[in-house]
Protein chains: 2
Amino acid sequence: MKIGELAQQSGLTPSRIRFYERIGLLKTVERRPNGYRTYPQQAVMILGLITTAQRAGFTLDEIRTLLPSDLTHWDHAALMEALARKIADIEALQARLAQSRAHLLRLIEDIQERPDDMDCAANAHRVLTNMLADQSEALDVTSGDIRLLDTKDRRQSVSPGHRKKTASR
Amino acid sequence: MKIGELAQQSGLTPSRIRFYERIGLLKTVERRPNGYRTYPQQAVMILGLITTAQRAGFTLDEIRTLLPSDLTHWDHAALMEALARKIADIEALQARLAQSRAHLLRLIEDIQERPDDMDCAANAHRVLTNMLADQSEALDVTSGDIRLLDTKDRRQSVSPGHRKKTASR
DNA sequence: CTTGACCTTGAAGTTAGCTTCAAGGTTAGG
DNA sequence: CCTAACCTTGAAGCTAACTTCAAGGTCAAG
């Protein structure tokens with residue numbers, strides 16, 4: 001199958017597929033005499049696997065080191081270890097998020113609990129001082145990093161990029 | 001106070017402080033006749049506020065629109081709205097994280113529950129198929145974005161960058 | 001009057017994960 | 001044969017939040 005068809009079937013853009021090839025993530029590709037890329041059916045599954053892993057919080061780098069060239073020959077040990085580590089990362093992040101959320105809730109309360117005899121300016125100072133004091137206490141929660149965000153419109157739904165009438169710009 | 005002292009007191013690097021000025025985030029700065037920047041004591045608090053807000057998940061852009069030039073004159077309504085929105089963002093992300101975590105746990109179980117009569121290759125295929133099926137079901141959890149990650153070593157603890165003996169490179 | 005720590009500037013580099021662009025080759029249909 | 005839709009490449013651009021670099025000015029101590 002050519003790259004356009006693979007793009008359709010996987011829901012990714014051709015540029016993204018070429019990018020994955022360039023960084024050594026997608027290796028199941030050959031060339032026709034005319035230079036066109038050609039992919040086996042399996043490539044659809046590999047791309048699905050990649051995007052699923054991404055959504056679970058794996059970086060492309062991590063995915064590359066885990067993905068075997070043959071989908072039936074995984075490094076079982078490395079895979080399980082990576083999964084466990086990723087879960088731990090997520091849990092660390094969850095802890096951080098819970099902290100941030102609690103922090104913000106406390107802040108809202110603190111702002112609203114202005115003593116009747118205090119003007120806004122003084123209240124602002126009171127809240128600020130509290131907040132900066134809070135902060136200096138919590139300097140220990142270092143967590144492993146994970147990128148699980150920016151989850152907006154990564155997927156092309158109706159395959160845009162057809163250079164026909166789309167003509168935006 | 002000069003920029004080096006502010007850097008010490010705030011725990012940020014001078015370059016970062018200059019950067020904040022450049023993007024219009026830190027405005028309380030004047031110049032001495034020799035061109036050196038000079039800051040009021042208040043600048044320490046402003047920088048503390050900025051990093052605290054960052055750790056709560058606010059982007060510098062958001063912080064800039066919320067930060068008043070005078071720390072005692074906040075846009076109360078905008079601030080409360082932003083705090084509420086940020087909490088909602090965090091909660092959306094928490095939901096996503098819980099999903100990802102559950103997904104990974106299910107995956108681990110699924111891998112380990114290989115039927116005795118199945119070889120690794122066939123098991124790999126079974127697990128893969130399950131996973132990609134799972135994924136197509138959950139296509140609705142679109143969340144607002146938030147950047148709350150990469151929380152490793154943003155702070156200079158012992159003020160590196162003194163061009164004395166540090167001499168790395 | 002020299003040394004070294006500090007300060008200045010603008011420009012470019014970093015990371016991740018792509019997209020976009022420019023300039024061109026290929027192919028199927030009419 | 002022409003056109004439109006596809007394909008190719010390498011290079012550059014994008015975002016966020018900084019850092020690093022190069023080239024130079026300032027200042028206090030010895």
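The values are calculated or read from the model by the stated rules, or taken from the named source; none is laboratory data. What you are looking at is a predicted structure, and each value in this text was computed from that prediction instead of being measured. Cβ placement follows ideal geometry from the backbone for every residue including glycine, while neighbour counts extend to all protein chains displayed. The area values use the complete protein model at the heavy-atom level, side chains included, leaving out ligands, DNA and RNA. Shrake-Rupley method; radii C 1.70, N 1.55, O 1.52, S 1.80 Å.
Give me the one-decimal Kirkwood hydrodynamic radius in Å for segment A:40-85, with the sum taken over alpha-carbon pairs.
On the way: mean 1/r = 0.0907 Å⁻¹.
Every distinct Cα pair counted, the radius reaches 11.0 Å.
Given label points at 7 Å from Cα along Cα→Cβ, what nm distances, shortest first, separate residue A:125 from the same residue in every other copy?
Label-point separations across copies, in nm and ascending: 7.5.
Run the 1.4 Å probe and let me know the accessible area of residue A:76, rounded to the nearest 10 Å².
Surface accessible to solvent at residue A:76 totals approximately 100 Å².
How far is it, in nm, from the label point at residue A:34 to the one at residue B:106 when both lie 7 Å from their Cα along the line to the Cβ?
Between residue A:34 and residue B:106, the label points sit 4.3 nm apart.
From the square roots a ≥ b ≥ c of the eigenvalues of the alpha-carbon gyration tensor of segment B:76-137, which class results: rounded (a/c under 1.5), prolate (a/b over b/c), or oblate? Kindly include the intermediate steps, with their values, before the conclusion.
Values: a/c = 7.85, a/b = 4.24, b/c = 1.85.
Prolate, because a/c is 1.5 or more and a/b exceeds b/c.
Once you place label points 7 Å from the Cα toward the Cβ at residue B:98 and residue B:61, how far apart are they in nm?
Computed distance between label sites residue B:98 and residue B:61 equals 2.9 nm.
So for B:20, A:36, what's the accessible-area order with a 1.4 Å probe, most first? Don't skip to the end; give the middle numbers.
Numbers: B:20 5, A:36 120 Å².
Sorted descending by solvent-accessible area, the residues read A:36, B:20.
For segment A:3-66, report the accessible area per residue in Å² (1.4 Å probe, heavy atoms, rounded to an integer). Don't skip to the answer; put the middle values down first.
Working: 3200 Å² over 64 residues.
Normalised by residue count, the accessible surface of segment A:3-66 is 50 Å².
Heads up, I need the accessible area for residue B:86: 1.4 angstrom probe, whole protein in place, Å², nearest 10.
10
Please list B:31, B:101 from largest to smallest accessible area, probe radius 1.4 Å, with all protein chains kept in place. Mind showing how you got there, number by number?
On the way: B:31 130, B:101 75 Å².
Highest to lowest solvent-accessible surface, that is B:31, B:101.
Net charge around residue B:39, counting only other residues with Cβ within less than 14 Å of its Cβ (Lys, Arg = +1; Asp, Glu = -1)? Provide the component values of the computation, followed by the final result.
Details: positive: B:2, B:16, B:18, B:27, B:31, B:32, B:37; negative: B:5, B:21, B:30.
Net local charge, residue B:39 excluded: +4.
Kindly write out, for segment B:86-94 in residue order, the coupling ³J(HN,Hα) from the Karplus curve 6.51 cos²θ - 1.76 cosθ + 1.60 (θ = phi - 60°), rounded to whole Hz, with x marking Gly and Pro.
5, 5, 5, 4, 4, 5, 5, 5, 4
I want to verify the translational diffusion coefficient of segment B:1-112 in µm²/s; compute it with Stokes-Einstein, Rh as the Kirkwood radius over Cα pairs, at 20 °C and 1.002 mPa s.
Numbers: Rh = 16.6 Å.
The calculation lands on 129 µm²/s.
Using a 1.4 Å probe and counting only protein heavy atoms, how much accessible surface gets buried when A and B come together, both sides summed, in Å² to the nearest 100? Could the numbers behind the result be given before it?
Details: alone 12600 and 12600 Å², together 20430 Å².
When A and B are taken together, about 4800 Å² of accessible area is lost.
Taking each pair of different alpha-carbon atoms in segment A:3-66 once, compute 1/r for the pair, average those values, and report the inverse of that mean as the Kirkwood hydrodynamic radius in Å to one decimal. Mind showing how you got there, number by number?
Working: mean 1/r = 0.0832 Å⁻¹.
Result for segment A:3-66 stands at 12.0 Å.
What does the extension gain come out to for residue B:134 and residue B:114, with contour length at 0.36 nm per residue minus their alpha carbon separation?
5.4 nm
How large is the accessible surface per residue of segment B:76-137, computed with a 1.4 Å probe and reported in Å² as a whole number? Let's see the in-between values first.
Working: 3370 Å² over 62 residues.
Ligands and nucleic acids excluded, the figure is 54 Å² per residue.
Please calculate the 1.4 Å probe accessible area of residue B:74, with all protein chains present, and give it to the nearest 10 Å².
My reading of the accessible area for residue B:74 is about 70 Å².
What residues in segment B:74-89 lose 50 Å² or more of accessible surface when the other protein chains are added to their chain alone (1.4 Å probe)?
B:80, B:83, B:87
So, in Å, what gap is there between the alpha-carbon centers of segment A:1-52 and segment B:1-46?
For segment A:1-52 versus segment B:1-46, the Cα centre distance is 50 Å.
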